[in-house]
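S.K.: What follows is a structure written as structure tokens; I'll ask about it next.
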Amino acid sequence: MMLPIVKFGDPVLHRKAAPVDQITADLQPLIDDMIETMHAAPGVGLAAPQVGVPLRVFVVDVSVGRRAEDLRVFINPSFVEREGMQLEEEGCLSLPGFTATVARPARVVLKGWDREGVERTVEGTGLLARALQHEMDHLEATLFVDRLRGIKRDQIVRRIHKLRKRGAW
Ligand SMILES: [Zn+2]
């Protein structure tokens, strides 16, 4: 089932997500729905807060459904390593219509549970490293605009306020 994606300004995006205590049966349909919603958007990642669920869960698929091995589910993830630097254009399904160049580490190693509760360690470079960090940020209530310098961030936030006034956000 496709889930509605909440946008910048929704309180659930602006507070830290809570850890998952245990993998319960009701988590599985949420994960399936998040994967379906990410692929349909289309996007390379989706975090649970973006569908209104304040839990430390996200899905990532840099192939957007083309390669099954690229689909990954992370529950209670944490960074093991971060190194280097990359500068690329980045967007977010919760900020439709906006992109900006965001500095991120070039390589990361993350560990977390998969959907069966098995601990996995995943290394990412390039787009995967970027996607993993972007989704980790969502769990910490940080959106890509929060990583921009003042003026660029203010421009985007001002345009969102205008859209909201017109009922277009
Ligand atoms: Zn995002």
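S.K.: Taking the range 125-169 only, how many residues are within 14 Å of the ligand (Cβ to nearest atom), assigned to a helix (DSSP H, G or I) and of a type in the set (D, E, K, R)?
M.R.: Of the residues in that region, 5 qualify.
S.K.: Got a number for residues in the range 60-75 being closer than 13 Å to residue 120 by Cβ and touching a Leu at 6+ places or on another chain (Cβ under 9 Å)?
M.R.: Residues in the range 60-75 being closer than 13 Å to residue 120 by Cβ and touching a Leu at 6+ places or on another chain (Cβ under 9 Å): 4 in total.
S.K.: Where residues in the range 90-110 are among the small types (Gly, Ala, Ser) and in a strand (DSSP E or B), which of them is nearest to the ligand (Cβ to nearest atom)? Full working, then the answer.
M.R.: Here is the first cut: in the range 90-110, the ones among the small types (Gly, Ala, Ser) are 91, 94, 97, 100, 103, 106.
Filter once more, keeping what is in a strand (DSSP E or B): 91, 100, 103.
Numbers: 91: 8, 100: 12, 103: 16 Å.
If we take residues in the range 90-110 being among the small types (Gly, Ala, Ser) and in a strand (DSSP E or B), then 91 is nearest to the ligand (Cβ to nearest atom).
S.K.: Another question, then. If you check residue 62 against the conditions, is it out of contact with any strand residue (DSSP E or B) (no Cβ under 8 Å at 6 or more places or on another chain) and touching a residue at least 60 places away in the same chain (Cβ under 8 Å)?
M.R.: Working: out of contact with any strand residue (DSSP E or B) (no Cβ under 8 Å at 6 or more places or on another chain): yes; touching a residue at least 60 places away in the same chain (Cβ under 8 Å): yes.
Yes, satisfied.
S.K.: Residues of the range 101-133 being more than 16 Å from the chain's Cα centre (by Cα), surrounded by 14 or more Cβ atoms within 10 Å (Cβ to Cβ) and of a type in the set (Gly, Ala, Ser), which ones?
M.R.: 106
S.K.: Inside the range 42-56, can you point out the residues that are surrounded by 12 or more Cβ atoms within 10 Å (Cβ to Cβ) and out of contact with any Pro (no Cβ under 9 Å at 6 or more places or on another chain)?
M.R.: Step one: filter the range 42-56 for residues surrounded by 12 or more Cβ atoms within 10 Å (Cβ to Cβ), giving 43-56.
If the condition is that a residue be surrounded by 12 or more Cβ atoms within 10 Å (Cβ to Cβ) and out of contact with any Pro (no Cβ under 9 Å at 6 or more places or on another chain), then 43, 44, 45, 46, 47, 49, 50, 53, 54 are the ones that fit.
S.K.: Regarding the range 18-33, can at least one residue be identified that is more than 14 Å from the ligand (Cβ to nearest atom), more than 16 Å from the chain's Cα centre (by Cα), charged (D, E, K, R) and surrounded by fewer than 15 Cβ atoms within 10 Å (Cβ to Cβ)? Don't jump to the end; show me each part of the working.
M.R.: First pass over the range 18-33, keeping only residues more than 14 Å from the ligand (Cβ to nearest atom): 18-33.
Retained after the next criterion (residues that are more than 16 Å from the chain's Cα centre (by Cα)): 20-29.
Next cut, charged (D, E, K, R) only: 21, 26.
When the remaining residues are screened for being surrounded by fewer than 15 Cβ atoms within 10 Å (Cβ to Cβ), the result is 21, 26.
So far as the range 18-33 goes, yes, one or more of its residues are more than 14 Å from the ligand (Cβ to nearest atom), more than 16 Å from the chain's Cα centre (by Cα), charged (D, E, K, R) and surrounded by fewer than 15 Cβ atoms within 10 Å (Cβ to Cβ).
S.K.: Test residue 72 against the stated conditions and say whether it is modelled with pLDDT of 95 or more and either more than 16 Å from the chain's Cα centre (by Cα) or over 30 Å from residue 32 (Cβ atoms) (or both). Let's see the steps before the verdict.
M.R.: Numbers: modelled with pLDDT of 95 or more: yes; either more than 16 Å from the chain's Cα centre (by Cα) or over 30 Å from residue 32 (Cβ atoms) (or both): no.
Judged against the criteria, residue 72 is not a match.
S.K.: Being part of a strand (DSSP E or B) and in contact with a His (Cβ under 7 Å, 6 or more places away or on another chain) is the filter here, so list the residues in the range 41-67 that pass it.
M.R.: Kept after step one, since they are part of a strand (DSSP E or B), are these residues of the range 41-67: 45-47, 55, 57-60.
Scanning the range 41-67 gives 45, 47, 58.
S.K.: Kindly evaluate residue 67 against the criterion of being over 16 Å from residue 113 (Cα atoms), among the basic types (Lys, Arg), free of Cβ contacts under 8 Å to residues at least 60 places away in the same chain and in contact with an Asp or Glu (Cβ under 9 Å, 6 or more places away or on another chain). Give the derivation first.
M.R.: Working: over 16 Å from residue 113 (Cα atoms): yes; among the basic types (Lys, Arg): yes; free of Cβ contacts under 8 Å to residues at least 60 places away in the same chain: yes; in contact with an Asp or Glu (Cβ under 9 Å, 6 or more places away or on another chain): yes.
In short, yes.
The values are calculated or read from the model by the stated rules, or taken from the named source; none is laboratory data. Here the structure is a predicted model, which means the values were calculated and not measured. Backbone-built Cβ (ideal geometry, glycine too); neighbour counts: all protein chains shown.
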